[in-house]
């Protein structure tokens, strides 16, 4: 039996472009787990794959768009949310998921993130946060912890990292959650909830990067990082995202924000009906 | 519903920017994303008011990077899409203009050119972005750019831009100077039936037989949009005909990039538009585009009155460059005059093509267009030389 035939037997195989496998991700990387949780969520919800668009940016997780068997766009660095805004507004019937990395969404693409959240454009944004730019060999990024070593912080990082869930909440996201690659079931449920909810939804997934970030910071193998997640993660639904800063001792995970607010599309539709009546 | 017409048939006194917006609507534009910038803001303002009236979508984005990204997304969602900007915003758009080229996304980008570099002269017209329009994004590629010289052409050529974008699946540019953008003139808008519009080619095969980036004979692949059941993957990476990244096979990059260039080059006869005035017996030919072509027309008439056999070749299409037309002309005139509102851009293309024929350049920057007498003086010098 060939590897491909083996793959085809997987219950979620129909959601994937199998001819594109094996994927590019390193052993122990959390991105494959995110892919698994995402397609499991699609399967559980019975999402119409002809009406789903996955948009990604540049970086390791950026390749995810090319692995899922639906309309998908692997955009320029930092621009997936802006491009997704165009897709959603031009065809409101489509379900949009943006899946990208911490550098793509919060450094080069940070402005697009806050403004899409502010507008409350209907899309689910999933961020694989591995604390560094893995694709380019491990430079520091907007979420790299203080004192961490990367190729561009050879003496330790002196920049304060973003607390992504706080940022998302402050910018106006209607749903904000954080999980790690260890929380497979909870992450899947969170993705399902986000996909069913209207508005700008954000899920941060803390993801191991054993080959690049982990190696430089002596974090051991992926399994060691997973064990560590189990030790230091604390589930606190409804916790104030402002206080949910990630530290070496503790990672607060859970659903921080779950509110209702008119979406850009809904407000536009209301305006449209008023104008048509004139 | 009469007030919500997509085509405002009739005679109007209209500003160039507004005529551009109306041309877009008449061409079937259903999505506009923009960011305010002088002297293109009036296009964005007009679209803000008009898009909703014609069941279209207007969004003001956070910057021009986002505007350009949004129109690419909208185009893949099936809408005819446009953005409008000026120099500083045009610089920001270059990144995703490259993405539009690589992903063969039909879209229209309007650049109402103002004095530059940098913030430059926000309220004054210029023609300093002509080379940027051709070469601004990284890599090798071909695009289409049209240069209007009247408010009527701001309307007509915007429609033409949409038609080219849809036909060739390439970003297409309306490259207007700030003077034409802010000019008020009479515009005649024809009836809807008289306006020729083009829709992108769709696949005629079922999804399992569809190869998204496999070109037809015209080198343009049929385009399935998102939500139509074809499940297309689109990437800015070098990709094969299936649309999948292929970055380690030199043959794939070679074939893709050459095709992206060739689909424009091989169709250049269908894309290139010029206007010729008194060129049959001319000794001196003025080659101009945009607002300087209007001063040039007057200067040519003056030269004829003064006994100089002058003529005008007005470039309506700037990119792809009308090489054949300029070369033919250079073979039977004694001298060429190129007036531009920059320090020398299209003149370089003219010199490249004209070879032995002397080319006299007339530069005008700073916010004033050439006067007819300035161009007349250059014609007179060229005729004597």
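The values are calculated or read from the model by the stated rules, or taken from the named source; none is laboratory data. Just so you know, these numbers come straight off a predicted model, no measurement behind them. Please note: Cβ atoms are built from the backbone with ideal geometry, for glycine as well, and neighbour counts cover all protein chains shown.
Just the residues that are touching a helix residue (DSSP H, G or I) at 6+ places or on another chain (Cβ under 8 Å) and away from chain A (no Cβ under 12 Å), please, taken from the range B:214-237.
Listed by number, the residues that qualify are B:215, B:218, B:219, B:220.
Please verify whether residue A:275 is over 21 Å from residue A:127 (Cβ atoms), more than 15 Å from the chain's Cα centre (by Cα) and within 14 Å of chain B (Cβ to nearest Cβ), treating the condition exactly as stated.
Here the answer is yes, as residue A:275 does meet what is asked.
With the condition kept exactly as written, say whether any residue in the range A:214-233 is closer than 15 Å to residue A:97 by Cβ and touching a strand residue (DSSP E or B) at 6+ places or on another chain (Cβ under 6 Å).
no
Scan the range B:186-196 and tell me whether some residue there is free of Cβ contacts under 8 Å to residues at least 60 places away in the same chain and within 23 Å of residue B:149 (Cβ to Cβ).
Yes, some residue in the range B:186-196 is free of Cβ contacts under 8 Å to residues at least 60 places away in the same chain and within 23 Å of residue B:149 (Cβ to Cβ).
Does residue A:141 fit the bill of being at pLDDT 95 or above, more than 14 Å from chain B (Cβ to nearest Cβ) and surrounded by 24 or more Cβ atoms within 10 Å (Cβ to Cβ)?
Judged against the criteria, residue A:141 is a match.
Given the conditions (1) within 14 Å of another protein chain (Cβ to nearest Cβ); (2) crowded, with 23+ Cβ neighbours inside 10 Å; (3) in a helix (DSSP H, G or I), which single one is not true for residue A:14?
(2)
Residue by residue, here is whether (1) at pLDDT below 95; (2) in a strand (DSSP E or B); (3) in contact with a strand residue (DSSP E or B) (Cβ under 8 Å, 6 or more places away or on another chain); (4) facing chain A (nearest Cβ under 10 Å) holds:
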| residue | (1), (2), (3), (4) |
| --- | --- |
| B:20 | no, no, yes, no |
| B:24 | no, no, yes, no |
| B:29 | no, no, yes, no |
| B:72 | no, no, yes, yes |
| B:82 | no, yes, yes, no |
| B:99 | no, no, no, yes |
| B:111 | no, yes, yes, no |
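Of the residues B:9, B:38, which single one is closer than 19 Å to residue B:181 by Cβ, touching a strand residue (DSSP E or B) at 6+ places or on another chain (Cβ under 7 Å) and surrounded by fewer than 23 Cβ atoms within 10 Å (Cβ to Cβ)?
The conditions single out B:38.
Among the residues of the range A:64-106, which ones are facing chain B (nearest Cβ under 9 Å), touching a helix residue (DSSP H, G or I) at 6+ places or on another chain (Cβ under 8 Å) and part of a helix (DSSP H, G or I)?
A:66, A:80, A:81, A:82, A:83, A:84, A:85, A:86, A:87, A:88, A:89, A:90, listed by residue number.
Could you tell me which residue of the range B:84-97 is nearest to the other protein chains (Cβ to nearest Cβ), considering only residues that are crowded, with 24+ Cβ neighbours inside 10 Å, in a helix (DSSP H, G or I) and in contact with a helix residue (DSSP H, G or I) (Cβ under 6 Å, 6 or more places away or on another chain)?
B:96
If we keep just the residues of the range A:225-265 that are within 14 Å of chain B (Cβ to nearest Cβ) and in a helix (DSSP H, G or I), which is farthest from residue B:60 (Cα to Cα)?
In this case the residue turns out to be A:265.
Would you check if residue B:239 is at pLDDT 95 or above, more than 23 Å from residue B:77 (Cβ to Cβ) and not assigned by TED's automatic domain parsing to the domain that holds residue B:153?
no
Which of the residues spanning the range A:27-62 are more than 8 Å from chain B (Cβ to nearest Cβ) and under 19 Å from residue B:243 (Cα atoms)?
A:52, A:54, A:56, A:57, A:58, A:59, A:60, A:61, A:62
Taking the options B:37, B:52, name whichever one is within 7 Å of chain A (Cβ to nearest Cβ) and either more than 16 Å from the chain's Cα centre (by Cα) or assigned to a helix (DSSP H, G or I) (or both).
Going through B:37, B:52 in turn, just one is within 7 Å of chain A (Cβ to nearest Cβ) and either more than 16 Å from the chain's Cα centre (by Cα) or assigned to a helix (DSSP H, G or I) (or both): B:52.
Which of the residues spanning the range A:127-144 are over 19 Å from residue A:165 (Cα atoms) and in a loop (DSSP other than H, G, I, E, B)?
The answer is A:134, A:135, A:136, A:137, A:138.
Quick one: which of B:165, B:176, B:149 is assigned by TED's automatic domain parsing to the domain that holds residue B:100 and in a loop (DSSP other than H, G, I, E, B)?
B:149
For residues in the range B:240-254 being at the interface with chain A (Cβ under 9 Å from one of its Cβ atoms) and in contact with a helix residue (DSSP H, G or I) (Cβ under 8 Å, 6 or more places away or on another chain), which is nearest to residue A:16 (Cα to Cα)?
Applying the filter and picking the extreme gives B:244.
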